[in-house]
Amino acid sequence: MKVSIIGAGYVGVITGIGFAYMGHEVLVMDHDENKICNLKKGQVPFFENGAEDAIREQCFENRLNFTSNIKELIDYAELIFICVGTPSMPDGSADLSAVESIARSIAEYAMSYKCLVEKSTVPAGTFKWIQRTLRLYSKSSLECDVASNPEFLKEGSALEDFLNPDRIVIGTNTDRARDLLLELYRNVECPKITSDIETAELIKHASNSFLAMKISYANMIADLCELSISVRQSR
Ligand SMILES: NC(=O)c1ccc[n+]([C@@H]2O[C@H](COP(=O)([O-])OP(=O)(O)OC[C@H]3O[C@@H](n4cnc5c(N)ncnc54)[C@H](O)[C@@H]3O)[C@@H](O)[C@H]2O)c1
């Protein structure tokens, strides 16, 4: 299958390499031309075990390509993964301006059916806002689905995690989008959890906050242990 990815940061590049390894043809786009130029030379803007060798190998096989042209990216595939940053604003809310800019570009340039897949971490319900943006700016004939396919990779073993996930979450509201994503992951052996889009968006936050809670719990136990050692030593 053909896959378009917007955002050549950590998640976009790892996702691109991963899909290329699965045998798909992948085009990754970023508005940072310098980053794209370096990626074309096989230079990765972060450290991740095996990523540079993997990029060179997949580019050589012509399964992985890079561009800074959004129109080329939109024309390339039905499946378009959003992997742009969604940093926190001073008030704690997520900055979704990059996501909005992508939705507007798709509304403007798409000439045929597209399935826009959220991989970026976004607040639950963001898909409704993307759908509204698409409706507002697109030609009335544009057919477009939105889906959520959150990422759970760990930095340091991201490529390994992508190729051997413990589960894949696919949130869609149409059969067409669900079937496209199930086909994309057909050869990956793991449980595939299908849900509506909002549930998939929420699963990502439930998973992130559960991880944060486990780390806080381990830190509190460590503090308690250290306190009890120092009390014993002071006796
Ligand atoms: N890093 C992780 O471990 C991780 C894991 C799971 C999910 N996420 C989520 O995935 C998303 C991406 O994270 P990341 O770490 O890859 O971010 P990143 O900042 O490394 O990369 C984002 C990329 O998007 C590009 N970009 C921004 N706006 C763009 C636009 N309008 N058009 C084209 N390109 C644009 C930027 O130039 C940058 O290269 C975030 O929502 C993050 O929360 C991250």
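Values in this text are rule-based calculations from the coordinates and carry no lab data. Bear in mind the structure is a predicted one, so any value in this text is a computation, not a measurement. Positions of Cβ are generated from backbone atoms using ideal geometry, with glycine treated the same way; all protein chains shown enter the neighbour counts.
Some observations on this one:
- Of all the listed residues (SER157, SER112, SER120), the sole one being more than 14 Å from the ligand (Cβ to nearest atom) and among the polar types (S, T, N, Q) is SER112.
- Test: residue in region 40-56 that is in contact with a Leu (Cβ under 6 Å, 6 or more places away or on another chain), within 10 Å of the ligand (Cβ to nearest atom) and of a type outside the set (D, E, K, R): no
- The set of residues in region 96-109 that are farther than 16 Å from ILE74 by Cα and either touching a residue at least 24 places away in the same chain (Cβ under 8 Å) or more than 10 Å from the ligand (Cβ to nearest atom) (or both) contains only LEU96.
- Helices (runs of 4 or more DSSP H) enclosed by region 20-124 - at least 3 residues per element that are within 30 Å of GLU160 (Cβ to Cβ) and of a type outside the set (Lys, Arg): 33-40, 51-60, 97-109
- Per the listing LEU136, LEU182, LEU142, the residue uniquely assigned to a helix (DSSP H, G or I), of a type in the set (A, V, I, L, M) and under 24 Å from VAL28 (Cβ atoms) is LEU182.
- Of the residues ASP75, ASP91, the single one that is more than 11 Å from the ligand (Cβ to nearest atom) and within 19 Å of GLU143 (Cα to Cα) is ASP75.
- Evaluation of GLU198 against the conditions (1) surrounded by fewer than 13 Cβ atoms within 10 Å (Cβ to Cβ); (2) in a helix (DSSP H, G or I) shows that the sole unmet condition is (1).
- Hits in region 201-227 (condition: in contact (Cβ under 8 Å) with a residue 24 or more places away in the chain and either polar (S, T, N, Q) or assigned to a loop (DSSP other than H, G, I, E, B) (or both)): SER207, ASN208
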